[in-house]
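Chemist: This structure is in structure tokens; I'll ask about it shortly.
Here, each number is a calculation from the coordinates, and none is a lab measurement. Since we're looking at a predicted model, the values are computed, not measured. Don't worry about glycine lacking a Cβ; one is built from the backbone with ideal geometry, like all the others, and counts go over all protein chains shown.
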Amino acid sequence: MCGAARAEPVATAPFTVAIDGPAAAGKGTISRAVAGRFGFAHLDTGLLYRAVGAQVLSGVAAVEAARSLDPAALEDPALRTAEVAQAASKVAVIADVRAALLDFQRAFARRAGGAVLDGRDIGTVICPQAEVKLFVTASAEVRAGRRLAELQGRGTDTDFETVLADVRARDARDSDRAEAPLRPAETAFVLDTSEMSVEAAVEAAVAQVAAARA
Ligand code: DC
């Protein structure tokens with residue numbers, strides 16, 4: 001060991017970016033880009049509900065699945081199917097499922113070094129004190145078109161009408177439920193990406209975070 005003084009690594013203070021919005025609005029792309037730009041960790045909270053939904057499809061009770069959720073399960077590409085998305089939206093109406101997932105999300109949000117969480121209730125319920133809150137939205141038709149391209153890119157055989165009906169069904173369930181319904185937080189910056197390029201949407205989100213960091 002040499003005698004030179006060594007600086008202890010300084011833990012960066014927590015900084016939370018909450019990104020909410022309906023299915024296929026571009027939250028994931030924007031969240032990953034913001035996290036990459038600022039060196040923050042990213043949690044796609046929809047994967048938590050998808051992991052619970054997938055367990056339910058294989059016969060496990062929803063609340064039990066949520067209480068015993070293994071974060072490693074979030075990596076499973078099978079969580080990306082339309083069937084699992086619908087199952088996720090159904091388990092997400094159960095108060096005890098949401099309660100079981102709360103601590104994990106809050107701890108992630110306040111980790112040192114900053115975090116971006118995307119979902120439906122991050123700015124309203126999980127992190128009402130988030131330093132930045134964004135609500136990313138787009139028309140149902142635009143979102144269905146984007147989701148169709150994504151599903152077809154993965155080799156799924158589907159069509160626009162099916163995907164649009166799916167998007168609308170999830171919008172209705174996510175918005176009309178009693179527990180943590182989808183809605184913008186009062187102080188959220190609303191970003192309607194219907195007519196925006198991905199690059200423009202990312203830059204608008206980055207600008208909001210940069211302004212809050214300044
Ligand atoms: O973001 P996603 O499409 O992967 O989410 C799947 C479902 O999970 C969505 O339809 C509703 C639910 N969800 C939720 O209720 N709250 C969140 N924070 C994230 C997702």
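Chemist: In the chain, if the dipole is taken from +1 on Lys/Arg beta carbons and -1 on Asp/Glu beta carbons about the Cα centre, which of 190, 46, 113 is farthest to the positive end?
Modeler: In the chain, that residue is 113.
Chemist: Along region 148-159, what does the Karplus equation 6.51 cos²θ - 1.76 cosθ + 1.60 (θ = phi - 60°) give for ³J(HN,Hα), rounded to whole Hz, x for Gly and Pro?
Modeler: 4, 4, 5, 5, 5, x, 9, x, 7, 8, 8, 9
Chemist: Of the peptides 130-140, 181-191, how do they stack up when ordered by the mean number of other Cβ atoms within 10 Å, highest first? The partial results should precede the final answer.
Modeler: Values: 130-140: 22.0, 181-191: 16.5.
Result, highest mean Cβ count within 10 Å first: 130-140, 181-191.
Chemist: Okay, next question. Taking H as built 1.01 Å from N, whose amide H comes closer than 5 Å to the amide H of residue 114, not counting residues under 5 places away?
Modeler: Residues meeting the criterion, in which the H sits 1.01 Å from N, are 15.
Chemist: Counting pairs of alpha carbon atoms under 8 Å apart in space and at least six apart in sequence, what relative contact order in percent does the chain give?
Modeler: Here the relative contact order equals 32 percent.
Chemist: While we're on this one: Could you derive backbone 3J(HN,Hα) for region 87-99 from the dihedral phi with the Karplus parameters 6.51, -1.76 and 1.60 (θ = phi - 60°), listing whole Hz in sequence and x where the residue is Gly or Pro?
Modeler: So the J values, rounded to whole Hz, are 5, 4, 4, 6, 5, 5, 7, 8, 4, 5, 5, 4, 4.
Chemist: With θ set to phi - 60°, apply the Karplus curve 6.51 cos²θ - 1.76 cosθ + 1.60 along region 26-43 and write out the HN-Hα couplings as whole Hz, x wherever there is a Gly or Pro.
Modeler: Rounded to whole hertz, the list is x, 4, x, 4, 5, 5, 4, 5, 5, 4, x, 5, 9, x, 8, 6, 10, 10.
Chemist: How large, in Å, is the chain by the Kirkwood hydrodynamic radius built from its alpha-carbon pairs? Before the final figure, lay out the partial values.
Modeler: On the way: mean 1/r = 0.0557 Å⁻¹.
Value: 18.0 Å, from the Cα pair sum.
Chemist: Further, regarding this structure: Given Cβ point charges of +1 (Lys, Arg) and -1 (Asp, Glu) and nothing else, what value in debye, to the nearest 20, does the dipole of the chain about its Cα centre take? Mind showing how you got there, number by number?
Modeler: Numbers: 24 positive and 28 negative charges, 106 e Å.
The calculated dipole for the chain is roughly 520 debye.
Chemist: Let's test the formula: R0 of 30 Å, r as the Cβ-Cβ distance of residue 175 and residue 12. What FRET efficiency results, to the nearest 0.05?
Modeler: Details: r = 35 Å, r/R0 = 1.18.
In this case the efficiency is close to 0.25.
Chemist: For a quick protection proxy, order the peptides 55-62, 72-79, 84-91, 165-172 by their average other-Cβ count within 10 Å, most packed first. Intermediate results must be reported in sequence, preceding the final value.
Modeler: Values: 55-62: 14.6, 72-79: 13.0, 84-91: 21.0, 165-172: 17.9.
Final packing ranking: 84-91, 165-172, 55-62, 72-79.
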